[in-house]
Structure formats: structure tokens, C-alpha cells
Amino acid sequence: MKLEKIHKRKDFLNIQQNGNKVLMENFILYGLMYDKSYDSRLPRIGFTASKKIGNAVKRNKAKRRMRVLTQKFLKPLAKKNTDYVIIAKNKLNTSLWADLEKEMLQSIKSLHKIINLDGEKKFEK
């Protein structure tokens with residue numbers, strides 16, 4: 001399944017305010033599922049690496065690592081009508097790749113459990 005990108009700041013803020021989150025050691029994963037009656041659309045993904053990560057080179061490296069992780073794990077597991085945002089933490093660039101893979105898979109599964117159980121956190125557009 002193809003993932004669309006989130007570009008607008010208001011979409012990022014909406015997902016962070018109204019969505020569910022899973023805290024991991026290297027990143028934070030947010031997810032917001034829209035109402036099933038809403039037109040079925042592809043899942044969207046957004047990446048954030050703030051200046052707390054470091055200079056532009058370090059932020060870009062963090063975003064590259066997050067993009068590869070999402071292509072490998074989130075793309076096949078993503079649900080329709082769902083938006084995802086991944087926020088990098090300081091340790092992301094120095095962590096072992098195997099640890100990042102394990103964390104990403106675990107966070108996606110945890111987030112999907114939360115979204116399915118928590119029917120009130122869905123956002124109607």
C-alpha cells in the first residue's frame with residue numbers, strides 16, 4: 001500500500017493533539033484514525049526532527065532513517081484512513097539499526113491496538 005506525505009503544519013498539529021501516541025526510546029509514533037464513514041483514502045505519514053536533534057545534517061540523517069523504517073515496516077502494516085507522525089529523539093542517529101527495527105515494529109503494533117480499542121479518539125473531518 002502506498003503512503004502519502006503530510007505537508008501542512010495544521011495536519012501535524014491535529015494528529016499530535018487528537019491522536020494516540022506510543023513513546024519509544026528513539027522516537028515517538030502518533031496515529032490518528034479517521035471515521036470509517038469518511039471516504040476511504042490512503043494512509044499518510046509525516047516526519048519531524050527538531051533542532052534538538054542537532055544541525056541540518058543530523059536532522060536529515062534522522063529523517064532518512066525514519067523514512068527507511070516506515071518503508072520497511074509501516075507501509076505493509078498501515079491502515080486506510082489513518083495518519084501517522086514520527087518524531088525523532090536524540091538517540092535515533094546513534095542507535096543500532098536492529099534496535100530501531102525492533103522498536104518500529106513494536107510501536108506500530110502497540111499503536112494499532114490502541115486505535116482499535118479507543119473508539120473515541122477518532123477524528124471526523
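Values in this text are rule-based calculations from the coordinates and carry no lab data. Everything numeric here is computed off the predicted structure, so don't read it as measured data. Note: ideal-geometry Cβ built from the backbone for every residue, glycine included; neighbour counts use all protein chains shown.
Checking each residue in the stretch 23-43 for being assigned to a strand (DSSP E or B) and surrounded by fewer than 20 Cβ atoms within 10 Å (Cβ to Cβ) picks out Leu23, Ile28, Tyr34.
Filtering the stretch 45-67 to residues that are out of contact with any strand residue (DSSP E or B) (no Cβ under 6 Å at 6 or more places or on another chain) and either closer than 14 Å to Met24 by Cα or surrounded by fewer than 14 Cβ atoms within 10 Å (Cβ to Cβ) (or both) leaves Ser50, Lys51, Lys52, Asn55, Ala56, Val57, Asn60, Arg64.
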